[in-house]
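The values are calculated or read from the model by the stated rules, or taken from the named source; none is laboratory data. Please read all numbers here as calculations on a predicted model, not as lab measurements. A quick note on method: Cβ atoms are made from the backbone with ideal geometry, for glycine too, and the neighbour counts reach across all protein chains shown.
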Number of protein chains: 4
Amino acid sequence: MIGYGFMGAAHSQGWRVAPRFFDLPADPELALVVGRHAEAVAAAAAKWGWAESGTDWRAALERDDIDVIDIVTPGDSHAEIAIAALEAGKHVLCEKPLANTVAEAEAMADAAARAAQRGVYAMVGFTYRRVPAATFARDLVAAGRIGTVNQVRASYRQDWLVDPGVPLAWRLRKELAGSGALGDIGAHAIDLAQFITGQRLGSVSGTLETVIAERPLPADTAPGEAATLGGSAGSGTGRVTVDDVAIFAGRFETGVLGSFEATRFATGRKNALRVEVSGTEGAIAFDLEDLNALEFYDRTAPADRQGFTRILVTEPQHPYISAWWPAGHMLGYEHGFSHQVVDFVTGVATGVQPTPSFADGLQVQRVLDAVERSAAHESIWTPVG
Amino acid sequence: MIGYGFMGAAHSQGWRVAPRFFDLPADPELALVVGRHAEAVAAAAAKWGWAESGTDWRAALERDDIDVIDIVTPGDSHAEIAIAALEAGKHVLCEKPLANTVAEAEAMADAAARAAQRGVYAMVGFTYRRVPAATFARDLVAAGRIGTVNQVRASYRQDWLVDPGVPLAWRLRKELAGSGALGDIGAHAIDLAQFITGQRLGSVSGTLETVIAERPLPADTAPGEAATLGGSAGSGTGRVTVDDVAIFAGRFETGVLGSFEATRFATGRKNALRVEVSGTEGAIAFDLEDLNALEFYDRTAPADRQGFTRILVTEPQHPYISAWWPAGHMLGYEHGFSHQVVDFVTGVATGVQPTPSFADGLQVQRVLDAVERSAAHESIWTPVG
Amino acid sequence: MIGYGFMGAAHSQGWRVAPRFFDLPADPELALVVGRHAEAVAAAAAKWGWAESGTDWRAALERDDIDVIDIVTPGDSHAEIAIAALEAGKHVLCEKPLANTVAEAEAMADAAARAAQRGVYAMVGFTYRRVPAATFARDLVAAGRIGTVNQVRASYRQDWLVDPGVPLAWRLRKELAGSGALGDIGAHAIDLAQFITGQRLGSVSGTLETVIAERPLPADTAPGEAATLGGSAGSGTGRVTVDDVAIFAGRFETGVLGSFEATRFATGRKNALRVEVSGTEGAIAFDLEDLNALEFYDRTAPADRQGFTRILVTEPQHPYISAWWPAGHMLGYEHGFSHQVVDFVTGVATGVQPTPSFADGLQVQRVLDAVERSAAHESIWTPVG
Amino acid sequence: MIGYGFMGAAHSQGWRVAPRFFDLPADPELALVVGRHAEAVAAAAAKWGWAESGTDWRAALERDDIDVIDIVTPGDSHAEIAIAALEAGKHVLCEKPLANTVAEAEAMADAAARAAQRGVYAMVGFTYRRVPAATFARDLVAAGRIGTVNQVRASYRQDWLVDPGVPLAWRLRKELAGSGALGDIGAHAIDLAQFITGQRLGSVSGTLETVIAERPLPADTAPGEAATLGGSAGSGTGRVTVDDVAIFAGRFETGVLGSFEATRFATGRKNALRVEVSGTEGAIAFDLEDLNALEFYDRTAPADRQGFTRILVTEPQHPYISAWWPAGHMLGYEHGFSHQVVDFVTGVATGVQPTPSFADGLQVQRVLDAVERSAAHESIWTPVG
């Protein structure tokens, strides 16, 4: 595993726990975690149970006893690591977003396509697909339970930037983060909407908004760096160069219209990824803040008994559930990372491309790019890729 | 009252009930209801308790014993009736939308402004402002309980057009209805968002969508008329010329960004008018399908006790409630029409312009128009009026 | 109408509104309202639109132009008025509880049985049966949609007595009110559970609790009366002689077990009448604080799609709804009183005994009495009646 | 760990995961799992990551490298193992219920008291106390946020016995399970209500009910055993000898009244452990089916802003949360087992008695026993212990 931030903890938990509940075709070992700071990465290795730690990710690629590279670094380093790993014959699991730019993502998708021909696979980590209620939503749509899709709504809302005292962290700087709410959480809304509907966005009309333009510099900002961050002179602040809010309309290739929103300013919404899909025969509504349930509306039921059914997605018949606890016993955020391990290891071990592939990740990147281009041109409708 | 459709029933109930619960400065009498078909309007008068019925609305304007004209006809006749009534010195209550075109609405607003100088008042019927939870939301925002507004979401979702068998009624023909979901229900979302925030939209970027392009002609369509309705030859269908779905981003004059949606294709949503306003100190969320409650988030509460509070807006301290039942006893859809009567009669009787005025109605009309213009130009940002 | 308190307002609204929405076989006129204080009752008549007011209810019984007596006085006067009215050949609608004692209720039921033989009908006002979602719950159970009933839960919770400053009103004195939470709101829970299941309670095991034993005397308490109210000497308080909380288990005649609770100390619950019925094939859950919806669980659905469906009971197929507004437009508390008028007038005019009859009211009274007897004997199981 | 059923999986997960997120004063190793069937327990050890497996729990007590015995066997073996382990100087974590009888539980509590004097600790596993929202509820009550408790409601409802085809498993036989819903899930409701309020039940009035009296024998029932199970002759069924439903009123030692229910027949309720505590200043409501949230009502808020606040208990300020994920990222059922490990290891390593102690477990057992005695005597009020 390359990287050891918040995502490192989540991925570690996935690798550790998945084999204890699922029968995997291969048995993962937590061999090595790599990071820049030797001491910190050693501490992470100890805490999360990795056998070794190191500071040179290229060295990892040379080891024969390592088959999989799991990339959880910030987006600006994904391309270099992933491409090198694939070329070294390692299977790659890479956190989303695939990259910070479309060009990087294209190079990664190309490398993945070449590697796949040699039986080496790459996958991008949109784990919310693997929340059982989300997977089940996809299953219902694919099985025709809501008929033909008429309309889609997807949003991902948080509120951690409402406080103007939140400092100018790397996530608020375009050169490091690529974009703001759009790429960080909007990407999840896009992926999930596409996953559940089985349809891809073809064009978008979008608006980006930075609500708070300047923020305090982090305490450890070097004086030289401060000068480059564009804040009002002497204010101790720097300019926010990414979006706080992204709103866009999207048209799927099928013609279906969707509305999308990603925001870090929705006061009181902590992790509200919601997708609602309306069809000719029914509808589904998913909410990550209520992740053990799926709302399902069946238009084919008798008129006086129609309504949204709150399905507790904890029955053994539901995706992934039979490996866990009895009905009615809740799963949490991290279980998606175990499911990701299950699907990734199964794909790799059985020679079947796991999804979402890098090509899928690239396509999301192109949607993000189209939103940015639309926003830069008065929200005019803009084709994806 | 001119007109006697569904809105006639609702207005009649408002006029009948309001004086029984509220102390009004004047005592309304249900004098006369006017409609095109003598027999049908007489039946309506009998059913709803109006003293007389008639077929000539101009005759009503000449009667000295009539002080108020309540207009509940379709939008294409509002301007003519309202302007004539105001010129005849009658106070006017006019259902929304104010008119089908901006030009008509401007003429009406002008007439209302002139009349107001003579102490004759006009008001447009956005009754959802008068659902106590919505009024209370406005009060909380106005009192600063959510601080400065950062972001707005408003949507009005229904599903009655999902069935392709729904015939091509007047509401689906632009020449009669002006627009589709946009004007019919989107207008409510716009008005309510502006009302609660106390802010006006300055520009928009919008998309309109007709999901089902052709629908069966109503059974009573004359052969000659059928030919003009543009359906596929011999199909017994006609073209839908209004939007089924309207999605738009809006920027308030303050710079605040909002997302808006109006749809008749949200399967399972029957009357889901929702407005969420996110501020620096809190948030409010209103849902017409849960109209006795308001969700309120207080960011100034201790961090471990923050959350959306479901306030049952049925306490005597809440707007309009003390006239009705004890705490915990629910109100319904129609109560807004009683509150409208209270506010209209109070304004008229005390010589204070009741709101929303025709100028307010015109401004909503201009927003609708801007959305249509934006939609016609690839969703480019378009200033309101 | 005899009486003009809070219930007088609700009944007046029912009489006034029902004929405007429903086609009734007879046309009710609001002829006369009777109360003790001439001035107050005259004001009530004016406010609620009754033609006349008076202070002598016996005089009303002698009037040929009066066919129906509607009794909304406190429970201790029900028996005398109702029996006299029935004997005078008047149809009687009597607010619940039928009476304060079983003996009175028996006399009333006897009088009603005799009158019914002459085509004169009596009905008791458990209006919550006529909330459409409650009626629909009964319909679903009766149609076998939840199979055979296995278990019942019913509770009615309010919180208006949590404040120790609430004075010793008549509702807190056994000699006037009969009982406390038990009779006032527990009676509704009992009636509704029996109505929805179509089963009657046969025995109970109950506990009564007075949480706050002494309360301030009302400001207008006469000095002589104060002395009789049993408070601590010189404290300005009196003893609460009714229950604040009633909890009981009940066994229906079918053997089904139910749990019941009535309380005025459930902080935050304003009007929470809830009934849940669990059956072999499904379940229903009703909540008066969410009165436009019914939760329905269908155990015959595929295992992965089971869940509680929130049915918005506002469709034209639902009980009483087609007379009102389009789907998704909410009804409120008072609509049950219109439905009561519809059912009462229809029964009376067509010669069919309307329900709940006085015999039904007597049976509820017997359940209340059995709970009190059980509570007085360490909660030992006690047969009803 | 002795035993390896469903609870073995949950405890294993707790032992495995806790040290990866929390800083523990001692580092647990998964040394040995013991069970009756060598092959099955070896498979469990392999799956869950225990170093060794064995079939002789007494041998484990003799090993110096084992400090802790974790008992997850059925209740009828708890006493023997736990007492022996404590006498062998091993710290003991024992699943609930502490034992099947009060006598056994007393012996265990005695042994634990003796061991504690030697610095050897025992704890019983009511893990739902350690769901963060439940712990936080206790904290709010202890901090006085709801004032003085007036009333309590606790219920635990499931529906897995609605199907009459569910066979006569050990949980339905009194000689093996001790009791039915009462001890299995009612014990949780009792413990949680006592934990949150900080009060103990002093007396109860209860009713037990077996809804389905006979069930099919399990396929592997030996012919000899079948004859002892009391079913109708030749039917292939046996008698259910435990309760399906338990309803009881309980009075806390403070005088506060509570209502309790445990049922396996609440159709549609999968794991609905709910506790609501009503106080003079507020209320809390917890629901295990919505375990990341706590409902809190603050009666000290302004009258027009009171309501139940849905607190998402995922903030770093909330109990246990800072060790896990960012705000808004949900936890699941199993996290309580990690928290249990944290609290147990911390207590043991620092020489502080962890709670709930065996004495606490004994007290719950006494409540269960009192309910059974009350139920056997027509529900008469019965003192605990």
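Data table
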read-out: Residue match in the range A:111-125 (condition: more than 17 Å from A:Val352 (Cα to Cα), crowded, with 23+ Cβ neighbours inside 10 Å and within 20 Å of the chain's Cα centre (by Cα)); value: no
read-out: Subset of the range A:264-288 [within 17 Å of A:Ala181 (Cβ to Cβ) and within 14 Å of chain D (Cβ to nearest Cβ)]; value: A:Arg264, A:Ala266, A:Thr267, A:Gly268, A:Arg269, A:Lys270, A:Asn271, A:Ala272, A:Leu273, A:Arg274, A:Leu288
read-out: Members of the range A:236-283 that are free of Cβ contacts under 8 Å to residues at least 60 places away in the same chain and either outside any strand (DSSP E or B) or on the phi > 0 side of the Ramachandran plot (or both); value: A:Gly236, A:Glu253, A:Gly255
read-out: Sole residue being more than 18 Å from D:Arg130 (Cα to Cα) and either surrounded by fewer than 17 Cβ atoms within 10 Å (Cβ to Cβ) or touching a residue at least 12 places away in the same chain (Cβ under 8 Å) (or both), chosen from D:Leu30, D:Leu93, D:Leu98; value: D:Leu30
read-out: Residue check, C:Phe337 at pLDDT 95 or above, over 30 Å from D:Gln158 (Cβ atoms) and surrounded by 24 or more Cβ atoms within 10 Å (Cβ to Cβ); value: no
read-out: Flag if C:Leu24 is at pLDDT 95 or above and within 14 Å of chain B (Cβ to nearest Cβ); value: yes
read-out: Residue in the range A:5-22 that is crowded, with 17+ Cβ neighbours inside 10 Å and more than 25 Å from the chain's Cα centre (by Cα) present; value: no
read-out: Scope the range A:319-371; condition within 20 Å of A:Met7 (Cα to Cα) and within 14 Å of chain D (Cβ to nearest Cβ); matching residues; value: A:Leu331, A:Gly332, A:Tyr333, A:Glu334, A:His335, A:Gly336, A:Phe337, A:Ser338, A:His339
read-out: Scan of the range B:140-155 for residues that are surrounded by fewer than 15 Cβ atoms within 10 Å (Cβ to Cβ), in contact (Cβ under 8 Å) with a residue 24 or more places away in the chain and within 25 Å of B:Asn292 (Cα to Cα), ordered by number; value: B:Ala142, B:Gly144
read-out: Candidate set from the range C:341-382 (those that are of a type in the set (Ser, Thr, Tyr) and surrounded by 23 or more Cβ atoms within 10 Å (Cβ to Cβ)); member that is farthest from C:Val72 (Cα to Cα); value: C:Ser379
read-out: Qualifying residue in the range C:296-316 (condition: in a helix (DSSP H, G or I), within 14 Å of chain B (Cβ to nearest Cβ), under 24 Å from the mean Cα position of the chain (by Cα) and not aromatic (Phe, Trp, Tyr)); value: no
read-out: Positions within the range B:231-251 being at pLDDT 80 or above, over 13 Å from B:Val371 (Cα atoms) and more than 20 Å from the chain's Cα centre (by Cα), in sequence order; value: B:Gly236, B:Thr237, B:Gly238, B:Arg239, B:Val240, B:Thr241
read-out: Check on D:Val348, over 24 Å from D:Gly258 (Cα atoms), in contact (Cβ under 8 Å) with a residue 12 or more places away in the chain, touching a His at 6+ places or on another chain (Cβ under 9 Å) and hydrophobic (A, V, I, L, M, F, W, C); value: yes
read-out: Residue check for D:Ile212: of a type in the set (Val, Ile, Thr), assigned to a helix (DSSP H, G or I) and in the same structural domain as D:Ala246 (by TED's automatic domain parsing); value: no
read-out: Any hit, the range D:359-370, residues being of a type in the set (Lys, Arg) and free of Cβ contacts under 8 Å to residues at least 40 places away in the same chain; value: no
read-out: One residue from A:Leu168, A:Leu192, A:Leu176 being away from every other protein chain (no Cβ under 13 Å), in a loop (DSSP other than H, G, I, E, B), touching a residue at least 40 places away in the same chain (Cβ under 8 Å) and not small (Gly, Ala, Ser); value: A:Leu168
read-out: Residue satisfying condition, being farther than 30 Å from D:Thr382 by Cβ, in the same structural domain as C:Val149 (by TED's automatic domain parsing), surrounded by 19 or more Cβ atoms within 10 Å (Cβ to Cβ) and of a type outside the set (A, V, I, L, M, F, W, C), within set C:Gly224, C:Gly206, C:Gly238, C:Gly230; value: C:Gly238
read-out: Which numbered condition B:Phe136 fails, given (1) away from chain A (no Cβ under 14 Å); (2) farther than 30 Å from B:Thr314 by Cα; value: (2)
read-out: Residue satisfying condition, being assigned by TED's automatic domain parsing to the domain that holds B:Gln194, among the β-branched types (Val, Ile, Thr), surrounded by fewer than 21 Cβ atoms within 10 Å (Cβ to Cβ) and at pLDDT 95 or above, within set B:Thr309, B:Thr267, B:Thr300; value: B:Thr300
read-out: C:Gly385 surrounded by fewer than 24 Cβ atoms within 10 Å (Cβ to Cβ), at positive phi, at the interface with another protein chain (Cβ under 7 Å from one of its Cβ atoms) and not polar (S, T, N, Q); value: no
read-out: Residues being over 16 Å from the mean Cα position of the chain (by Cα) and either at the interface with another protein chain (Cβ under 8 Å from one of its Cβ atoms) or surrounded by 24 or more Cβ atoms within 10 Å (Cβ to Cβ) (or both) - total across the range A:253-263; value: 3
read-out: Selection status of B:Leu61, more than 14 Å from chain C (Cβ to nearest Cβ) and surrounded by 16 or more Cβ atoms within 10 Å (Cβ to Cβ); value: yes
read-out: Output for the range A:156-192, where each listed residue is touching a strand residue (DSSP E or B) at 6+ places or on another chain (Cβ under 7 Å), among the small types (Gly, Ala, Ser) and either surrounded by fewer than 24 Cβ atoms within 10 Å (Cβ to Cβ) or assigned by TED's automatic domain parsing to the domain that holds A:Ala99 (or both); value: A:Gly165
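One line per residue, one yes/no per condition, for (1) touching a helix residue (DSSP H, G or I) at 6+ places or on another chain (Cβ under 8 Å); (2) at pLDDT below 95:
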position	(1), (2)
C:Lys96	yes, yes
C:Ala103	no, no
C:Glu106	yes, no
C:Ala112	yes, no
C:Gly119	no, no
C:Val124	yes, no
C:Phe136	yes, no
C:Val141	yes, no
